[in-house]
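Since the structure comes first, as structure tokens, the remarks are kept for the end.
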Amino acid sequence: MQPQVKAKSTSLYDTDYQLWLAQTVDQLKSHNFSNLDLENLVEEIESLGRSQKQAVSSYLMRLCEHLLKIKYWQVERERCFRGWKLEVRNFRLQIQAELEASPSLKSFLEDVFVKQYRNGRNLFLDASDFNGNLIPEEPEFSLEQALDEDWFPWQPK
């Protein structure tokens, strides 16, 4: 006797995500909770939080990278300062938008600040070919300074 292998049923979620999403929204709006695909709905909601955290964490890393470029990369500073400053402003605006949508992400940023500073430092070191001993492993600026739209670690004269 051969064991029966039960094939995984393919759901609308797997075959047409946009249609699944539209139907799920309709079911929620009409309070048709008994037909909801709860397993995939819960997974989607959890992934939204993860995606937002990943985005804000990535913006913070790139922000730190560009602040380090402005502070330390003197050879390239004159030529690149405007672009780096624009990137700093862009990453600050992205973080600000995420924090406005979810203020509780501020504590998450505080938790990952040192890690993302170090990641940004590594990106800076890769780009600049600087000796790693010359750039502090611990941040020389605070998260508040990094997010302050008027603060830069170096200002042109």
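At a threshold of 8 angstrom on Cα-Cα distance, excluding pairs fewer than six apart, so keeping six or more, what relative contact order does region 25-115 reach in percent?
Computed over region 25-115, the figure is 30 percent.
Determine the relative contact order of the chain: mean sequence separation of Cα pairs under 8 Å and six or more apart, normalised by residue count, in whole percent.
For the chain, the relative contact order is 25 percent.
Ranked highest first by the average count of other Cβ atoms within 10 Å around their residues, in what order do 18-30, 54-66 fall?
54-66, 18-30
Taking the Cα atoms of the chain, report the difference between the largest and smallest coordinate on each principal axis, in whole Å and largest first.
Sorted from largest, the Cα extents of the chain read 76, 45, 27 Å.
On a 0 to 90 degree scale, rounded to 10, what angle separates helix 17-29 from the longest Cα axis of the chain?
Helix 17-29 and the main axis of the chain meet at about 70 degrees.
List, in order, the whole-Hz ³J(HN,Hα) value for each residue of region 115-122 obtained from phi through the Karplus relation with A = 6.51, B = -1.76, C = 1.60 and θ = phi - 60°; use x for Gly and Pro.
Result, ordered by residue: 4, 6, 4, 5, 5, x, 4, 5 Hz.
Can you tell me the dipole magnitude for region 12-157 around its Cα centre, using point charges on the Cβ only (Lys, Arg +1; Asp, Glu -1), in Debye to the nearest 20?
Around 820 debye, computed over region 12-157.
In nanometres, what is the gap between the two model label sites at Leu86 and Thr15, each 7 Å from Cα along Cα-to-Cβ?
4.8
Whole-Hz Karplus ³J(HN,Hα) for region 96-105, in order, using 6.51 cos²θ - 1.76 cosθ + 1.60 and θ = phi - 60°, x for Gly and Pro?
With the stated coefficients, region 96-105 comes to 4, 4, 5, 5, 5, 6, 9, x, 5, 5 Hz.
Set Lys and Arg Cβ to +1 and Asp and Glu Cβ to -1, take the dipole of region 7-157 about its Cα centre, and tell me which of Leu28, Phe91, Ala55 lies farthest positive.
Selected residue: Phe91.
Which distance in nm do the two modelled labels at Asn122 and Leu48 give, with both placed 7 Å along the Cα-to-Cβ direction?
Result: 3.2 nm between the two label points.
Between Lys115 and Phe130, with labels modelled 7 Å along Cα→Cβ, what's the label distance in nm to one decimal, could you check?
Once both label points are built, they end up 2.3 nm from each other.
Keeping to pairs on different chains or 8 or more places apart, tell me how many lysine pairs in the chain have Cα atoms under 18 Å apart.
So the count of such lysine pairs works out to 9.
Grab the Cα-Cα distance for Gln96 and Ser30, subtract it from 0.36 nm times how many residues apart they are, and report the gain in nm with one decimal.
Between Gln96 and Ser30, full extension yields 20.3 nm more.
Based on the inverse mean of 1/r over its pairs of different Cα atoms, what is the Kirkwood hydrodynamic radius of region 55-147, in Å?
13.4
A short reminder: the numbers here are calculations on the coordinates, not readings from a lab. This one's a predicted model, so the numbers in the text were calculated from it and none came from an experiment. In this analysis, Cβ positions are derived from the backbone assuming ideal geometry, glycine residues included, and neighbour counts consider all displayed protein chains.
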